[in-house]
Every structure is written in C-alpha cells, then in structure tokens.
Amino acid sequence: MRIEDIIKSNVTMDDAKKVVLNIMVTQNVVTEKFNEVLKPYDLSGEQYNVLRILRGQKGNPANMCVIQERMIAKNSNTTRLIDKLLLKNLVTREVCPENRRKIEVLITEKGLELLEELDPKVLENEKLFAANLNQKELVELNTLLEKYRNLK
C-alpha cells in the first residue's frame with residue numbers, strides 16, 4: 001500500500017518526505033508485531049535487547065556503559081531496564097570488585113532459557129516481513145537503509 005493511502009493524504013509529496021514517512025510507518029508496524037511476540041512473556045523490546053546483549057557476552061558480565069552503547073534505542077533508561085529484569089530474575093547485578101563505581105550485569109540461567117524459547121518466535125517474526133522480498137532485495141534494502149542512515 002502506498003504511503004499516501006496509509007496516511008490518507010492527497011497532497012503531493014516529494015520523494016525525500018515519502019521515504020521518511022515510509023520508514024516511520026514501517027518501524028511502527030515492525031515494532032507492533034515484535035511486541036506481540038514479546039507480550040506473553042511480559043517483556044519489552046528494550047528488555048529483550050538487554051538480554052540479547054548480555055547473552056552475547058558469553059558468560060562475562062557487562063557494565064552499564066557497554067549495555068547502553070550496544071542498545072538499539074540509545075535513549076533507553078538502562079538502569080530502569082536492568083531493575084525490571086532483576087525483579088524477573090533474568091539478570092544479576094553486582095558492584096565490580098576493582099572499581100566500586102562500576103556495576104556489572106550478568107544474564108541468569110532463567111534469562112538464557114527465556115531467550116532460547118523466544119529465539120524461534122523472533123525468527124518467525126523476522127521471516128514474516130522478509131517473505132515479501134527475495135534474497136537480492138533483502139541485501140539491497142539493508143544496503144540502502146545503511147546508506148540512508150549515515151548522515152554526513
């Protein structure tokens with residue numbers, strides 16, 4: 001469906017505006033579908049992102065700065081996210097013995113098990129969107145989005 005039809009506009013727009021609107025609408029659709037996957041697990045997209053970052057540490061703790069810089073949404077309140085994951089017993093948090101100002105966060109076994117359960121559902125969600133494109137188009141879309149995102 002054309003962006004003009006989605007936003008119910010009959011005003012002529014230049015292509016630059018259409019791209020921005022298309023990306024914003026697409027991001028909302030992708031986020032809504034992803035949230036549907038996470039909802040039964042009482043998990044937000046940002047909490048899921050933190051768990052994935054911690055799993056990627058392969059058993060090593062990550063400090064708050066490392067987590068923050070790897071977050072997809074850079075404006076997330078990492079401390080609040082960690083607090084919520086602590087209450088769900090999905091992570092542990094300890095003061096670094098070498099530097100008491102540094103907090104180290106580690107994913108728990110329960111957190112790893114949750115991600116393992118979610119992995120096939122997340123993959124299925126990703127394939128749902130990818131189904132409309134062939135492999136060459138997926139590569140091209142990734143290339144174009146990366147090019148578009150890199151401002152001078």
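The values are calculated or read from the model by the stated rules, or taken from the named source; none is laboratory data. As the structure is a computational prediction, the values presented were derived from the model and not from experiment. Heavy atoms of the whole protein, side chains included, go into the accessibility calculation; ligands, DNA and RNA do not. Shrake-Rupley method; radii C 1.70, N 1.55, O 1.52, S 1.80 Å.
Structural remarks
- With 25 Å as the limit, the listed pairs LYS58/LYS84; LYS84/LYS127; LYS58/LYS102; LYS8/LYS121; LYS102/LYS147; LYS33/LYS58 have LYS84/LYS127; LYS8/LYS121; LYS102/LYS147; LYS33/LYS58 beyond it between alpha carbons.
- Over the chain - Rg/Rh using Cα atoms and the Kirkwood inverse-distance radius: 1.05
- Exposure rank, largest accessible area first [ILE72, ILE103; 1.4 Å]: ILE72, ILE103
- Between helix 15-38 and the chain: long-axis angle, C-alpha atoms, 0 to 90°, nearest 10: 40
- Note: segment 1-73, Cα convex hull, 124 Å³ per residue.
- Sequence-distant aspartates and glutamates (8 or more away, or on other chains) whose Cα lies within less than 13 Å of LYS74: GLU46
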